[in-house]
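> Structure incoming, see below.
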Amino acid sequence: MKTLRYAFWAIVGLCLIMVGVANRDLVTLHAFPEFLTRALGIAPAIELPLFVAIFIGVGLGLLIGFLWEWLREHKMRADGRAKGRELEQLKAEMSRLRDTDGDGKDDVLQILEASEKT
């Protein structure tokens, strides 16, 4: 199974290298559209290889997706924690109720021992 996983990641890495080599020309990324830069008088821009812009876009998309999913599952995680706390309380109550006389021994075994003595 590890071999299959390594082969998969090798193929993904090879594809990323091929995309990087094919898109290594410089591109200019502008922060605002042209009409807004004329109105504001500022034109923030950066030049970088196209593959870097593509990888940054994919990375940001994944990050936003993971964050969205984490926020969406908040209710499920909270319910799981509440159920876990309730389970622990019920286990403690059940063990307390099993030992009615408080000596730490099982009540059924105590009855059997008492009947053997008589």
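The values are calculated or read from the model by the stated rules, or taken from the named source; none is laboratory data. On a predicted model such as this, the values are computed, not experimentally measured, just so you know. So basically every Cβ, Gly included, is an ideal-geometry build from the backbone, and we count neighbours across all protein chains shown.
> In the set 62, 97, which member is within 29 Å of residue 16 (Cβ to Cβ), without any contact (Cβ under 8 Å) to a residue 24 or more places away in the chain and not assigned by TED's automatic domain parsing to the domain that holds residue 18?
Only one candidate passes the filter, namely 62.
> Also, quick follow-up: I'd like to know if the range 30-50 contains one or more residues that are in contact with a Lys or Arg (Cβ under 6 Å, 6 or more places away or on another chain) and closer than 28 Å to residue 16 by Cβ.
yes
> Now for a different question. For the range 61-69, indicate whether the set of residues that are modelled with pLDDT of 95 or more, loosely packed, with under 10 Cβ neighbours inside 10 Å and either among the basic types (Lys, Arg) or on the phi < 0 side of the Ramachandran plot (or both) is non-empty.
yes
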